[in-house]
Amino acid sequence: MNESSINLPRAPAFNLGGRRALVTGAGRGIGAGAAAALADAGAAVTLLARTASEIDEVAAVIRDRGGEAHAIAVDVSDAAAIRALVNDLPPFDILVNNAGTNRPKPMVDVTPADYSAVMDLNVRATYFVSQAVCARMAQGAIRGSVIHVSSQMGHVGAANRTLYCMSKFAVEGLTKAMAVELAPLGIRVNSLCPTFIETPMTAGFLADDAFRTQVLSKIKLGRLARVDDLLGGLIYLASDASGMVTGSSLLIDGGWTAD
């Protein structure tokens, strides 16, 4: 038998067995889907949200289908509480910063309360959850993966979305700066940027036929996204398959930003 001199690479592994993942805003929508997908890939998942009943239910479903999941009720915008919680747990290998909100309205009608609600959760909480988790990764010499759930609105502008766009552009900047600073530690930082998805947060304004039609006109693939459309990208960014990817935005937008 002739021996070949060709050394072909093998496909990367997407298995997350033996890793610990933290998902914020995990009680519904993208967060619940992310927690389930990470558990399906083998990770032990900790779910965070303010509403205990929601994350308890999601965690129970994950366990029923053979995954490992734990639910902890906490306000992720409380930086001191998050740091105390994270410091009391073993370090995580994966962080999915998903908690977020939106208050769409004309810029001239935005109130200081609106501003605080959106920026405190979408930016401030993302920053300080990341700070706490990455500090523990560094202490444990863990070459981890941080995934910020951003948005296509972190790459484009839109009417009645000044607060949301501003917050997601901030998350995109944070992604790049964190990636540069944490790369020497082996910690990768990327963002996942979906288009409009039918979730509890979007259901209200997508019920408006005119708005829905406008949205669909911008999505080149001609349909709204589903939560499961994001999960392949999420597992890719969480796993060794993306081992040379950091400071990047994975746009899952159906072509919205293509032109």
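The values are calculated or read from the model by the stated rules, or taken from the named source; none is laboratory data. Note that this is a predicted model, so its numbers are computed, not measured. Backbone-built Cβ (ideal geometry, glycine too); neighbour counts: all protein chains shown.
Results, tabulated for the structure shown:
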{"read-out": "Index of the failed condition, M201 passing every other in (1) surrounded by fewer than 20 Cβ atoms within 10 Å (Cβ to Cβ); (2) modelled with pLDDT of 95 or more; (3) under 19 Å from V118 (Cβ atoms); (4) within 17 Å of the chain's Cα centre (by Cα)", "value": "(2)"}
{"read-out": "Any hit, segment 29-49, residues being assigned to a loop (DSSP other than H, G, I, E, B) and within 24 Å of M166 (Cα to Cα)", "value": "no"}
{"read-out": "Identity of the residue in segment 67-124, free of Cβ contacts under 8 Å to residues at least 12 places away in the same chain and closer than 22 Å to A34 by Cβ, that ends up farthest from the chain's Cα centre (by Cα)", "value": "A81"}
{"read-out": "Every residue from segment 8-28 that is touching an Asp or Glu at 6+ places or on another chain (Cβ under 7 Å), modelled with pLDDT of 95 or more and part of a loop (DSSP other than H, G, I, E, B)", "value": "R19, G27"}
{"read-out": "Residue list for segment 1-45, filter: touching a Lys or Arg at 6+ places or on another chain (Cβ under 7 Å) and either touching a residue at least 60 places away in the same chain (Cβ under 8 Å) or closer than 20 Å to N122 by Cα (or both)", "value": "A43"}
{"read-out": "Residue among V146, V156, V180 that alone is of a type outside the set (K, R) and closer than 17 Å to I252 by Cα", "value": "V156"}
{"read-out": "Leading residue by the ranking (farthest from A238 (Cα to Cα)) among those in segment 125-141 that are of a type outside the set (A, V, I, L, M) and more than 21 Å from the chain's Cα centre (by Cα)", "value": "Q139"}
{"read-out": "Criterion violated by S5 - all others in (1) surrounded by fewer than 24 Cβ atoms within 10 Å (Cβ to Cβ); (2) at pLDDT 90 or above; (3) among the hydroxyl-bearing types (S, T, Y) satisfied", "value": "(2)"}
{"read-out": "Qualifying positions in segment 136-162 - surrounded by fewer than 21 Cβ atoms within 10 Å (Cβ to Cβ) and closer than 22 Å to D259 by Cα", "value": "H155, V156, G157, A158, A159, N160, R161, T162"}
{"read-out": "Criterion (aliphatic (A, V, I, L, M), under 20 Å from A21 (Cα atoms) and in contact with a Cys (Cβ under 9 Å, 6 or more places away or on another chain)) met by exactly one of I235, I187, I252", "value": "I187"}
{"read-out": "Top-ranked residue in segment 55-66 [being more than 18 Å from the chain's Cα centre (by Cα) and in a helix (DSSP H, G or I); ranked as surrounded by the fewest Cβ atoms within 10 Å (Cβ to Cβ)]", "value": "D64"}
